[in-house]
Each structure stands twice: as C-alpha cells, then as structure tokens.
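First up is the structure itself, then whatever we jot down about it.
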C-alpha cells in the first residue's frame with residue numbers, strides 16, 4: 001500500500017513506464033478528508049476509465065487554503081494512506097498547490113476526471129488534456145455523500161453533550 005504513495009517526480013517516471021507499455025492513465029485529484037461512500041464509488045468509476053489511476057491529494061496547506069480552518073480533519077499522510085488502501089488506486093501523490101494544473105501539464109494523463117460538482121468547462125486542466133486528444137469527464141455525485149455533511153452532523157450531534 002505505501003508503495004502507491006510517491007512524490008511527483010518518482011510517480012512521473014512510473015507513469016511514463018506504464019504509458020510506454022500502452023497503459024491508459026486516469027488522473028483525478030481532491031482533498032479526500034473523511035473518506036465516505038461517494039469517494040469510494042467515484043474512484044471505482046475513475047478506474048473503469050483506464051488502466052492506471054493516479055490520485056493527486058491536496059496537502060494540508062492546500063486543503064486549508066481551499067476549505068478554510070479547521071480543515072483538514074485528517075492529516076495528509078494519513079489521508080494518503082487511506083486512499084492508497086483502496087484497490088482502485090494505483091498511485092497517490094501529495095501536492096501543495098491550490099489546483100493541479102502543473103501536475104496535469106507534466107503528467108499528460110489520457111483521462112482527467114472530477115466529481116459532478118465540477119462542470120466540464122470549470123475542470124482545471126481540461127484544455128490541456130483535450131489539446132492532445134485526452135478525454136475529460138465529470139462524474140455525478142452520490143446524493144447525500146459529503147464530507148461537509150458528515151462534519152456538520154457530528155458537530156450538531158455532540159454540540160450539547162459535552163463529549
């Protein structure tokens with residue numbers, strides 16, 4: 001499992017090797033803070049679109065920049081280990097930028113995927129991937145599956161309980 005977690009330079013070389021073998025590379029990114037069924041089903045669908053699934057995980061700093069404090073709930077190394085444990089995921093890399101454009105530009109995935117909260121025109125890296133004939137998909141969200149909803153439920157459930 002831990003051999004799935006790579007720095008970007010190491011992963012880039014591994015992906016190049018896979019591409020030379022004729023494998024189709026799928027790329028997605030996200031925070032993956034408090035993994036839920038929506039994440040699992042999304043990653044399963046991503047994997048069906050190719051041979052190798054690369055997940056770029058937002059660093060703690062990046063998550064705070066995007067989501068605000070007190071996020072993330074789970075530290076980046078633990079989030080990476082949890083995502084790596086999923087059978088659909090082949091590689092995980094942690095990135096510190098607020099968006100994955102630089103990674104997409106260097107990696108040149110065959111397929112770029114985001115969740116349904118992103119419309120095709122708003123997907124970062126879409127133009128890059130489409131410029132060399134790659135495909136871009138927005139996969140519908142699972143109704144009710146949301147990290148924010150989980151956090152709100154927990155906070156409200158324990159608000160006056162003192163635990």
**OP:** For segment 145-153, state whether one or more residues are modelled with pLDDT of 75 or more and in a loop (DSSP other than H, G, I, E, B).
**Re:** no
**OP:** Return yes or no: is residue 128 in a loop (DSSP other than H, G, I, E, B), in contact with a helix residue (DSSP H, G or I) (Cβ under 6 Å, 6 or more places away or on another chain) and surrounded by fewer than 20 Cβ atoms within 10 Å (Cβ to Cβ)?
**Re:** no
**OP:** Return the only residue of 101, 86 being surrounded by fewer than 17 Cβ atoms within 10 Å (Cβ to Cβ), out of contact with any strand residue (DSSP E or B) (no Cβ under 7 Å at 6 or more places or on another chain) and at pLDDT 85 or above.
**Re:** 101
Subject >> Which numbered condition residue 118 misses (of (1) farther than 18 Å from residue 26 by Cβ; (2) at pLDDT below 95) >> reply: (1)
Subject >> Total residues in segment 40-56, condition under 20 Å from residue 94 (Cβ atoms) and touching a helix residue (DSSP H, G or I) at 6+ places or on another chain (Cβ under 8 Å) >> reply: 6
Original post:
Of the residues 70, 109, 121, which single one is crowded, with 17+ Cβ neighbours inside 10 Å and either out of contact with any helix residue (DSSP H, G or I) (no Cβ under 8 Å at 6 or more places or on another chain) or not in a strand (DSSP E or B) (or both)?
Top reply: 109
**OP:** Could you tell me whether residue 134 is touching a residue at least 12 places away in the same chain (Cβ under 8 Å) and within 21 Å of residue 8 (Cα to Cα)?
**Re:** yes
**OP:** Assess whether residue 16 counts as being farther than 27 Å from residue 149 by Cβ and at pLDDT 95 or above.
**Re:** yes
**OP:** Report whether or not residue 41 is at pLDDT below 95, within 19 Å of residue 124 (Cβ to Cβ) and outside any loop (DSSP other than H, G, I, E, B).
**Re:** no
Subject >> Number of the exception - residue 19 against (1) under 15 Å from the mean Cα position of the chain (by Cα); (2) farther than 21 Å from residue 124 by Cβ; (3) in a helix (DSSP H, G or I) >> reply: (1)
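The values are calculated or read from the model by the stated rules, or taken from the named source; none is laboratory data. Model, not experiment: these values are computed from the prediction. For neighbour counting, all protein chains shown are included, and Cβ atoms are generated from backbone atoms with ideal geometry for every residue, glycine included.
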